[in-house]
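Reviewing the structure listed below.
The values are calculated or read from the model by the stated rules, or taken from the named source; none is laboratory data. In this text the structure is predicted, and so the values were computed from the model without any measurement. Glycine gets a Cβ as well: all are built from the backbone with ideal geometry, and neighbour counts include every protein chain shown. Protein only, heavy atoms only, side chains kept; ligands, DNA and RNA dropped before computing areas. Shrake-Rupley method; radii C 1.70, N 1.55, O 1.52, S 1.80 Å.
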Amino acid sequence: MKKLVERVSILSIPFANLSFDEFTSLLFERMQTKTKTFVVTANPEIVMYANAHESYKQMITQADFIVPDGIGIIKAANTLKTPLKERVTGYDTTIRLLEKMNEAKLSVYVLGGKEEVLEKAVQTIESDYPNVSIAGCHHGYFDWEDKTIAADIKKTKPDLILVALGFPRQEQWIYEHFDMFDRGVFIGVGGTIDVLAGTVERAPMFWQKIHLEWLYRLLKQPSRWKRMLAIPKFMMAINKEKKR
C-alpha cells in the first residue's frame, strides 16, 4: 500500500500526497487490517533538523508515511511546483482517528508528557470517546534503555499508539522499537497531548484559516522563538532549491 501513495519530495523528505480525509481513512483501514504503520507528522523545523542530522533523516524516511504538519510545507511544495493536496496535522489526525475508533470500539496507548498532563489527556479521551479502550499509558520521563513500555505495548496490542515525546525523540523511539511489534499505528504527535489535557490551547479557527497558527502559538509561548527561526531558514532553503 505504501508504494501506491504518491510522494512529493521537499528538501529530500518524501511527503505523502494525500488529503486529510484520504489519509485518516487509510490509517483507520490499516488499524482494522492490523497493518503495522509508522507515521511522521513533519513541519519545516523537522525538515531542517533532518537535513542537518543524517541519522534522524534515515529514521524518518523509513516511516510508512510522512505528512505535512505545517502550512510552510504546503507553501514550499507550491513554490517548487510540486503541490501537496492538504495540510495534515498530528492533532487533527489524532482527533479524527479517535472519532472513528470510538465507533469501532478500538484501543489506544498514550506515551509522553508530564505525569499530570498525561493523566488529564487520558481523562479527556475517556470522556469524549467512551468506546475507545485505554490499552495503557506512560509519561515521557523514563530511562531510554527501559524496555518495559515497549513490552507493555506488545502485550496489550493497541490499535493506535500516540507517541508525544517531541521530535526527534518520538520518531527515534518508534524507529528503535518498531520491530518489536506486529500491529498498531504509531504516530509521533508532539504537543497534541498538551492540547488534549487542556494545558495548551489550540489556535482559534480564525488563526488556522489565515495560516498563522504558528504566530498564535508564539504569542502564547514566547519561549518558542528559537524554534521558530527554522521557518525563515526553511523558506530560504526552498527558494535556493527553486533556483536550481
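Observations, loosely collected:
- Residue in region 32-42 that is assigned to a helix (DSSP H, G or I), surrounded by 18 or more Cβ atoms within 10 Å (Cβ to Cβ) and not hydroxyl-bearing (Ser, Thr, Tyr) present: no
- Cβ-Cβ under 7 Å pairs, at least 6 apart or on other chains, region 15-35 side more than 17 Å from residue 84 (Cα to Cα), far side among the charged types (D, E, K, R) and open to solvent by 20 Å² or more (accessible area, probe 1.4 Å): 28/100; 34/183
Quick grid of which residues meet (1) touching a residue at least 60 places away in the same chain (Cβ under 8 Å); (2) open to solvent by less than 20 Å² (accessible area, probe 1.4 Å):
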| position | (1), (2) |
| --- | --- |
| 106 | yes, no |
| 110 | yes, yes |
| 114 | no, no |
| 117 | yes, yes |
| 132 | no, yes |
| 135 | no, no |
| 141 | no, no |
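- Some residue of region 33-54 being at pLDDT below 95, polar (S, T, N, Q) and within 15 Å of the chain's Cα centre (by Cα): yes
- Which numbered condition residue 56 misses (of (1) open to solvent by less than 20 Å² (accessible area, probe 1.4 Å); (2) outside any loop (DSSP other than H, G, I, E, B); (3) under 18 Å from residue 28 (Cβ atoms)): (3)
- Residue list for region 73-90, filter: out of contact with any Asp or Glu (no Cβ under 9 Å at 6 or more places or on another chain) and open to solvent by less than 30 Å² (accessible area, probe 1.4 Å): 73, 77, 84
- All conditions in (1) open to solvent by less than 10 Å² (accessible area, probe 1.4 Å); (2) outside any helix (DSSP H, G or I); (3) among the polar types (S, T, N, Q) hold for residue 93, with the sole exception of (2).
- Restricting the first member to region 167-192 and to residues that are at negative phi, and the second to residues that are of a type in the set (Asp, Glu) and in a loop (DSSP other than H, G, I, E, B), the beta-carbon pairs closer than 7 Å and six or more apart or on different chains are 185/159.
- With respect to the stated conditions, residue 61 fails to be in contact (Cβ under 8 Å) with a residue 60 or more places away in the chain and among the β-branched types (Val, Ile, Thr).
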